[in-house]
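Read through the structure below, which is laid out as structure tokens, and then see the notes.
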Amino acid sequence: MSIVAITSARDLDRYRALRLEALATDPDAFGSTIDHETEFDDAEWARRMDSFRGEPGQILVATDDGRDIGVVGIGVRRAPVEHLATPSHIDAVLWGMWVRPADRGRGAARELIDAAIGWARRHDATDVVLAVRRDNHAAIELYRSVGFEDTDSAGLTVGGPCSGELEMRRPVG
């Protein structure tokens with residue numbers, strides 16, 4: 001198994017196929033829908049491959065014997081934090097985590113998380129945050145097992161697609 005970063009125009013169809021499969025297979029796991037993302041044009045798919053809400057970002061894919069088996073996005077989120085000595089705090093947001101059902105339990109998710117944390121470290125992030133459905137107990141246990149802790153927050157953005165979900169955070173360390 002290996003983790004690859006996908007960035008080029010030739011990877012656009014690869015990412016689109018994997019993301020739409022994730023939305024079709026596990027529609028309740030994401031803050032989006034297959035109907036919404038099917039409407040994206042090539043420019044939107046390309047933008048998602050290398051940015052996160054206008055900041056640096058990356059799509060990582062787990063492969064096994066030449067097959068794509070999982071995907072995750074990671075991106076920078078700069079936010080002013082008044083109680084910190086520095087004028088802004090850099091988080092990395094982990095999003096869109098998905099592994100094909102037949103390939104779950106073999107370590108792909110952990111490898112994707114490790115690669116995402118490495119990306120966050122290279123981009124000077126202090127913490128990695130994510131939002132997960134409160135009833136997704138398997139994912140919550142996975143995230144806890146790799147150092148994420150509940151923040152007691154309702155989600156990454158109030159009123160956004162992840163509001164009401166459990167926010168989890170871990171230091172990049």
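The values are calculated or read from the model by the stated rules, or taken from the named source; none is laboratory data. The shown structure was predicted, so the numbers you read here are calculated from the model rather than taken from an experiment. Ideal geometry is used to build each Cβ from the backbone, glycine not excepted, and the neighbour counts take in all protein chains shown. For the accessible areas, the whole protein counts, side chains as well, though only heavy atoms, and no ligand, DNA or RNA atoms are used. Shrake-Rupley method; radii C 1.70, N 1.55, O 1.52, S 1.80 Å.
Data overview
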item: Accessible-area composition of the chain, carbon plus sulfur, in percent [1.4 Å probe]; result: 50
item: Ordering of 127-138, 92-103 by packing [mean C-beta count within 10 Å, highest first]; result: 92-103, 127-138
item: Highest to lowest packing among 115-123, 68-76, 7-15, scored as the average C-beta count within 10 Å; result: 68-76, 115-123, 7-15
item: Gyration tensor verdict on the chain (Cα atoms; rounded if a/c is under 1.5, prolate if a/b is larger than b/c, oblate otherwise); result: rounded
item: Computed Kirkwood radius, in angstrom, where 1/r is averaged over Cα pairs of the range 4-51; result: 11.1
item: For the chain, built as a Gaussian network whose Cα springs stay under 10 Å, the top-fluctuating residue of Phe40, Phe30, Phe52; result: Phe40
